[in-house]
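Down below is the structure, laid out as structure tokens.
The values are calculated or read from the model by the stated rules, or taken from the named source; none is laboratory data. Since this is a predicted model, take the numbers as computed values, not measurements. Here the Cβ positions follow ideal geometry from the backbone for every residue, glycine too, while neighbour counts run over all protein chains shown. Ligands, DNA and RNA are stripped out before the accessible areas are found, and what is left, the full protein with its side chains, is counted by its heavy atoms. Shrake-Rupley method; radii C 1.70, N 1.55, O 1.52, S 1.80 Å.
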Amino acid sequence: MTAAAARAPVRVGDSDIRMSALLLLALAIAISGLHSVLEDITWWFGAFGIMFVVFTIAAVVRFYLRRRWLATLAAFIAGLIALTVFFATNTAILGFIPTGSTFEKFGGLIAAANESIAVQTLPAVATTGIQFLICLAVGGIAIFMDAVAIWGRAPALVGVPLLVIVAVPSL
């Protein structure tokens, strides 16, 4: 028996899981470039947590349900829940179900981030508002990358948001 014949056949679901893992790795590496504009690295762990949740939920839903669009929807909901748990637990039902107050808190965090960005010099302190803004952006980019690479079957296009992330610190 040859080595190629000895390997088990790869199912489509398995390749999707591998693709999700590679997308997670690529995005994690890309956002690490922001360390040059932010003082410490603690913001990275929250951002990694959001992207890990998004890619993992999308891969699991796609593996079991075989509906690519359901995985994107589940990733969006999981990202929203993760943002709620990380930044607005006290405004959510059971600590994770967002309410109107949760979205008001999100708006306040975005306003705080904008104010902090306007007054700080580089390297900036990663305030809670800035951390929220980074996590929100990373979650959106992760959903976009997952949808384009796996649902849209165009993995080369995920390089565009990665290039934008890498270009931000250099600008």
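Before moving on, here are some points about what is shown:
- Region 100-169 - percent of accessible surface contributed by carbon and sulfur, probe 1.4 Å: 73 percent
- Residues of region 113-154 with an amide N closer than 14 Å to a point placed 7 Å from the Cα of Thr42 along the Cα-to-Cβ direction: 125-132.
- In sequence order, calculated HN-Hα J values of region 127-137 (Karplus, 6.51, -1.76, 1.60; Hz; x Gly/Pro): 5, 4, x, 5, 4, 4, 4, 5, 5, 4, 5
- A helix-only calculation puts the chain at -23500 deg cm²/dmol for mean residue ellipticity at 222 nm, using -39500 (n - 2.57) for each DSSP H run of at least four residues, averaged over all residues.
- Summed residue charge, Cβ within 12 Å of Gly152's Cβ, Lys/Arg positive, Asp/Glu negative: +1
- Solvent-accessible surface of region 75-171, taken per residue with a 1.4 Å probe and all protein chains present: 53 Å².
- Angle between the chain longest axis and helix 12-31 axis [Cα atoms, degrees, rounded to 10]: 30 degrees
- Exposure check, 1.4 Å probe, all protein chains in place: Ser15 carries approximately 50 Å² of accessible surface.
- Convex hull volume per residue in cubic angstrom - Cα atoms of region 57-133: 108 Å³
- Average projection area in nm² (convex hull over Cα atoms of the chain, one quarter of hull surface): 11.9 nm²
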